[in-house]
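Worksheet: one structure, shown below.
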Amino acid sequence: MPRPRRLPLAVARLVTALAVATALLVVAAPLPAQPTPDPAAAPAAATPSAAAAANPYVSLPQTRADVLVTARFVLQVKMEGAGVEQDVEGEATCVMIDPRGLALCSNIELGGYFGLLGRMMGAGGDLTATPKSLRLVAGPAEKEYEAQLVTRDSDRDLAWVKVLDRGETTFPALDFGAAAEAGAGDMIYLVRRMDDFFGEAAVVRSARVTATVTKPRRLLIPEEPIGAGFGLPVYTADGRVVGLLVLQMPGEEDQADLFENPLTFLGQAARLQDMVGGVVLPAADVVRATTLARETFAEDFELE
Amino acid sequence: MRSTARLPLALVCLLVVLGLSLPLAAVGAQPAAEPAPEPIPEPIPGLVTSPTAAESIADETAAGLRDDLRQVIGAARDRVFPALVSIRVVVVRYAQGKEWKGQSVGSGTIVSPEGHVVTNFHVVDHGEKFFVTLSDKQEVSAKLVGEDPLTDVAVLQLDLSELRDPKQPLPVATFGDSSHLQIGDYVMAMGSPFSLSRSVSLGIVSNTERVFAGGFGDDELDEMELQDGQRSGLFTRWIQHDALILPGNSGGPLVDLGGRVVGVNQLGVGPMGFAIPSTLAQRVAEELIAHGEVRRSWLGLSFKPIARTGLDEGVLISSAVVDGPGHRAGVRAGDVLMAIDGEPLTVRFVEEVPPLQARLADVPAGESVSLTVARDGERHTFDAVAEPLERDLGDEASFHAWGITAQQLTSKMARDRRLASTAGALVTGVRSGSPAQLAEPAIVEGDVILAVGDREVADLEALVERYGQVTGDDAEPVLFEIDRQGKNHVTLVEPRDGDAVDPPRELPKAWIGVATQPLLPELAARLALGDAERGFRVTRVYPRTEAAGSTLAVGDVIVSVDGEPVEPSSMQDSGLLARRVRGMAIGEPVVLGVVRDGERLDVPVTLERTRITPEEARRYNDTDFELAVREVTFFDRDEARWDDDVEGVLVERVEPGGWAGLGGLRPGDLVLRIAGHEVGGLSDFREAMESLDETQPERVEVVVLRGVKTYFQYLEPDWAPTVTPEE
């Protein structure tokens, strides 16, 4: 029996990669920039009216939308072996966690999905995507600031980005240390901004926590996909932060033979459905990771 | 290798009819299939008879002819072969908004004692550096004397000072008269196919006035556009022959049995070769040597032979460019040209069109030519003043900081795009993610840049000048005014620090310096794990790690960490152990529960910091040598089994046609030493490159480790500033 040619395998792999990549890109579609804030809207620290407080779909956009910032960047995508080098414009919504200009983003949103894509395509580490020309659109004036990606935690899907020269600006920021616990059966809420076709209106999406898992780490599992992009904080109805919506995908070490055989992978791909909708990394874990990052790269985390 | 021109429809049809398959690269000639050898019949014993007298005479005659032919071919070969050269060109092309370097190869013939080499335009097109290998294998550099795209002829001149013995006369070939060639004449094609050393093939002339037309009733002359749209077939009637030519033969001589150059091979399709006749090539070469260009003129008229028109005489004017010299004089499409300067003419077949076009192109620019045409049964005579014939395509340049490539507009380009004038610079490409693409609205291919900032851009040169003025450190956003299909747009291009950046750093976590494989129950049962059903089998203990200092060994099965079981349930749990460890603190001592030879034991290990992976490694990009290198990581070292004393930087990318690429560096090479500087890491490499930038030596020795062998590579960078504004 003749040995099968290599091409169909490669083609199958590519088709599979593209299919999943498309799914990922759809799921990871970036959020639009924030609009100019409405002077009438309450700042982050303001207390919503009693009626609004009773209705998180009204109160959360008023009190929590201003901590969202937009990261704009250019992804330098390279596949050295194939001689491919391409710059791709990208955008992601992040959350400001320090009023002096430190934001937390989803690493996947900043190009992290290319690592997975590379493994799926059989390119491994040959396919890289490096964010450059990073800027954050933030603050009351919706100003664009030059920014720097300080470090990332691929395991937890976190990336820390700092504003390089904020001047006198102080940013509305979210304190993950003042967090609430949530568990199975609890409702959780997420604030996002719509496309500018809809005036970038801040809207709430909600889901019930259907489970908490401990593997690969402690995570809250929404009953259905809650986000339209990762790196967004998740709240209780009264506005206390529960955690951050992130994507948890297998790492390279988890894929011993996952991508070697496309047929195996197609079978395994069904398991991705538990991942692509996003999961909630508890606020305590966010705080721990941020503390570790700040300690490890203390100098780089210095804010003006 | 260069492909030459696109294939005319007629030729495609011909090949289809003949049942021939076309090579992928259209006109890139392919090796002919080797025919199955004819079996030689064995003589039957007892039936062998002596040849008759007549047969003996025939045999002798054949042998004599063969010897004569061999002598003739040998003599002809020896007259040209020493002057045959191989040409290597470093080319710079522009696509997708950036500059691309590469190499092309071809052949040529030395035609003067001063070292002039005749070759094809398409061999030297976009050339930045030219290297010529002579018959005695010396390679010398050359300069471009001139090129004539419209006939696909170019002339280089050797740098005689580089010859081993500059006083030694160069071998020179002589042109013959191709007008004496007849169908059936023997000819030899000489050249360097596939850039291999020189070779000769023999064939006969199949056609002496081959032209290409549309085919299937379309008898308009095909203009034979080269890759980028440059016409090359207006004045040429090729010599078609069957002496095999292949990619790399381009520009090589077609030689008659007298040892004279009767053509310049231009393209090959399967078994057919096509050469520019020497009568044309010689004249063009002489003009290029004398003037650096071929001066021709233009009336803006196109012609259709009358064979299918029902006309008896003259030639149909199929097109008259509006506002061209002919049109301004009063000539219109549909007129029948009956006489030029009172001399009657008839062009019945397409083969007669090139001589007519050549005749009109020979009218000196500025002089008047009398055109007598028939229109509606009457004759009219118009005096048209010939204008200089410009090149089809303009020069190009790359504008890195904006992320665009742009081209000088020529009259033909402006006409083809229906632009009102040649003012501005045509955008030929936009780099993805560049400031030009990120502008709102984005600049796109096909836009014509009319102004930058507050200054008009008259041409490409003006754009280059503006680029120098508005880019650089602290560059401000700059306003562009562009024409897009007749609409006037403005946009703001904001400079960005867009060059290569280091990959983001990963947050360090705890790590044990071992590689493992998950042991699932079925496999574990075969390995006598005692009461443990699952675990992680150590497949490698990395040297120079805390683990290497412990008692851990290959074959150990880790079943717990600090008493907590680690139990993979599927292959997807391959990372379970590492992930568990990453959740712990760097520097923390842990106890691993290990099964070794069926025995449970505790192995204390101190968790250490994760090592940098190749993806996270720091990079350095050198624009002079056009290569990117990165630091060597722990895992590179382990994979290659390099000891700590092996130091260097890894070549990650080499630009094709860049100086590092031309010098033989390859991705994966470990650079150990450069120009005498030992390279211990990225900082050493950067310092060495900065030092070279100051001293600018002619030759740079690079010592690399490739596999288990060291290699000495020699780079010869061009330190001169580039003429384009590419950074």
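If you check B:PRO508, B:PRO543, B:PRO504, B:PRO568 for being under 46 Å from the mean Cα position of the chain (by Cα), outside any strand (DSSP E or B) and farther than 30 Å from A:LYS162 by Cβ, only one passes: B:PRO543.
If you go through the range B:232-247 and pick out every residue that is in contact with a Gly (Cβ under 9 Å, 6 or more places away or on another chain), crowded, with 22+ Cβ neighbours inside 10 Å and among the polar types (S, T, N, Q), you end up with 0.
Among the residues of the range B:464-486, not a single one is within 14 Å of chain A (Cβ to nearest Cβ), at pLDDT below 95 and assigned to a strand (DSSP E or B).
Scan the range B:322-340 for residues that are in a strand (DSSP E or B) and either at pLDDT below 95 or closer than 19 Å to B:ARG296 by Cβ (or both) and jot them down. Listed by number, the residues that qualify are B:LEU337, B:ILE340. Screening B:VAL590, B:VAL559, B:VAL594 for residues that are touching a Gly at 6+ places or on another chain (Cβ under 6 Å), more than 14 Å from chain A (Cβ to nearest Cβ), under 24 Å from A:LYS215 (Cα atoms) and of a type in the set (A, V, I, L, M, F, W, C) leaves exactly one candidate, B:VAL559.
Considering B:LEU670, B:LEU627, B:LEU682, B:LEU662, which residue is surrounded by 16 or more Cβ atoms within 10 Å (Cβ to Cβ), within 14 Å of chain A (Cβ to nearest Cβ), touching a residue at least 12 places away in the same chain (Cβ under 8 Å) and among the hydrophobic types (A, V, I, L, M, F, W, C)? Let's see the steps before the verdict.
On the way: B:LEU670 fails: within 14 Å of chain A (Cβ to nearest Cβ); B:LEU682 fails: within 14 Å of chain A (Cβ to nearest Cβ); B:LEU662 fails: within 14 Å of chain A (Cβ to nearest Cβ).
After ruling out the rest, the residue left standing is B:LEU627.
Can you name every residue in the range B:388-401 that is assigned to a strand (DSSP E or B) and either of a type in the set (Val, Ile, Thr) or surrounded by fewer than 18 Cβ atoms within 10 Å (Cβ to Cβ) (or both)? B:PRO388, the sole residue that qualifies. Looking only at the range A:167-180, decide whether some residue is touching a Phe, Trp or Tyr at 6+ places or on another chain (Cβ under 8 Å) and crowded, with 22+ Cβ neighbours inside 10 Å. No, the range A:167-180 has no match at all.
Checked against the criterion of being in contact with a helix residue (DSSP H, G or I) (Cβ under 6 Å, 6 or more places away or on another chain) and farther than 30 Å from B:GLU588 by Cβ, the range B:470-492 has at least one qualifying residue.
Considering the range B:82-104 alone, what residues qualify as being assigned to a strand (DSSP E or B) and farther than 30 Å from B:GLU445 by Cα?
Here is the first cut: in the range B:82-104, the residues assigned to a strand (DSSP E or B) are B:84-95, B:98-104.
Listed by number, the residues that qualify are B:LEU84, B:VAL85, B:SER86, B:ILE87, B:ARG88.
If you filter the range B:280-328 down to residues that are basic (Lys, Arg) and over 20 Å from B:PRO364 (Cβ atoms), you find that the one that is surrounded by the most Cβ atoms within 10 Å (Cβ to Cβ) is B:LYS304.
Taking the listed residues B:GLU522, B:GLU567, B:GLU608, B:GLU599, the one that is within 24 Å of B:ASP643 (Cβ to Cβ) and among the charged types (D, E, K, R) is B:GLU608, with no other qualifying. Of B:THR279, B:THR309, all but one fail to be assigned to a helix (DSSP H, G or I) and of a type in the set (Ser, Thr, Tyr); the exception is B:THR279.
The values are calculated or read from the model by the stated rules, or taken from the named source; none is laboratory data. Computed from a predicted structure; not experimentally measured. All Cβ positions, even for glycine, are placed from backbone atoms using ideal geometry, and neighbour counts span all protein chains on display.
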